[in-house]
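S.K.: I have a structure I would like to understand better, so I am pasting it below and will then ask my questions one at a time.
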């Protein structure tokens, strides 16, 4: 069976990877200095020129870029190639401020497709597989990335996009889809729908590539069991290229970063200091191979850990953990840091499905947090005493995990709106960032 899509790159020596990154960084810095006035001015503010950058050991001298920079430079302010060289844009799904738009040349798309093909092969896909892409298409990068990667691999590709679950299941059974690509929340929804229709024995899935939102190991195991597949994580950002920046291998102990195209750093999110491998901090990427839209030292706001421990799969690229939270969407409730993934872990450990919402509010100058959780059909009861007992059990579990009291309200099965894209887990009514 094919183990790697790009074996000479994915198993390259550390010395070779550093050589690629040194050359790529020097070229990218010169390119943005010559062609991107916005970034050149940031370099000048920091007193650095391309002559100061000899390789990755000088990366720390360069200024950071943030999403605010991308919005300020919208739409063309960070382009490093003429518009006539660009063949596509992708855009974030954010709803606040200006949208973030990324540009691609033909070669940028080829590199992106290659990264996604690597992820598919790492999940066990071959050209004999039927790849069922249920990420959204259009401006969202999910559908386009896995669609392109599947084409490059040579697999039969079903560009389903998200939604229309009946049609998804029909094609999945009729065409015998073997690899499913979508958000983990939609995979869970598909699994629930398949079981309701009594079609579990008609499903031929062997692997799933799930990303675009946070999910826990407990949710991974639930999806694997309910769909009879092996679930792999994938990581990417529209700003950097989309899915395929990093991907899981069979070891499932972190995601390999495609270091021949991207340089990863982890920094202290408060000070900007670069942290050594093994320490938790904010992930920063330099996409030195991108032609149209190279980003240097882009702060992702994702919290993770980098590891260079030898991997049993034979890939030599550095691995990043699944994002452990975000430095910008972390909830601070009563002075305590709260991540939705912590709450999800408690719910799944108590036998609940990953259908929940976190409602944060402020009443009489005091923060409140309520977790609304769907009961499973087996748990559902009209007896108030039984429901109250289950709620108290979850309150205790959440207090142990979070260190603060969270009110729990159990609701009827299917009463929380299902997601066919990214799940809306948190509703924060405090308006802390207004005015």
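The values are calculated or read from the model by the stated rules, or taken from the named source; none is laboratory data. Here the structure is a predicted model, which is why all the values come from computation and not from measurement. So basically every Cβ, Gly included, is an ideal-geometry build from the backbone, and we count neighbours across all protein chains shown.
S.K.: Check segment 308-316 and report whether any residue there is touching a strand residue (DSSP E or B) at 6+ places or on another chain (Cβ under 8 Å), within 27 Å of residue 46 (Cβ to Cβ) and surrounded by fewer than 20 Cβ atoms within 10 Å (Cβ to Cβ).
M.R.: Scanning segment 308-316 turns up no residue that is touching a strand residue (DSSP E or B) at 6+ places or on another chain (Cβ under 8 Å), within 27 Å of residue 46 (Cβ to Cβ) and surrounded by fewer than 20 Cβ atoms within 10 Å (Cβ to Cβ).
S.K.: Something else now. Do we find that residue 138 is at positive phi and in the same structural domain as residue 313 (by TED's automatic domain parsing) in this structure?
M.R.: On the way: at positive phi: yes; in the same structural domain as residue 313 (by TED's automatic domain parsing): yes.
Considered against the rule, which asks whether it is at positive phi and in the same structural domain as residue 313 (by TED's automatic domain parsing), residue 138 comes out as yes.
S.K.: What pairs come out if I take residues in segment 377-389 that are exposed (fewer than 13 other Cβ atoms within 10 Å of the Cβ) and pair them with residues that are assigned to a loop (DSSP other than H, G, I, E, B) whose C-beta lies under 7 Å away, six or more apart or interchain?
M.R.: Listed pairs, sorted by first residue: 377/413.
S.K.: While we're on this one: Considering only segment 144-157, I want to know if a residue exists there that is in the same structural domain as residue 239 (by TED's automatic domain parsing) and within 18 Å of residue 228 (Cα to Cα).
M.R.: For segment 144-157, residues in the same structural domain as residue 239 (by TED's automatic domain parsing) and within 18 Å of residue 228 (Cα to Cα): absent.
Residues are listed down the side, and each one gets a yes or a no for (1) in a loop (DSSP other than H, G, I, E, B); (2) modelled with pLDDT under 95; (3) in contact with a strand residue (DSSP E or B) (Cβ under 8 Å, 6 or more places away or on another chain):
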position: 5; (1), (2), (3): yes, no, no
position: 15; (1), (2), (3): no, no, no
position: 31; (1), (2), (3): no, no, no
position: 51; (1), (2), (3): no, no, no
position: 60; (1), (2), (3): no, no, yes
position: 87; (1), (2), (3): no, no, yes
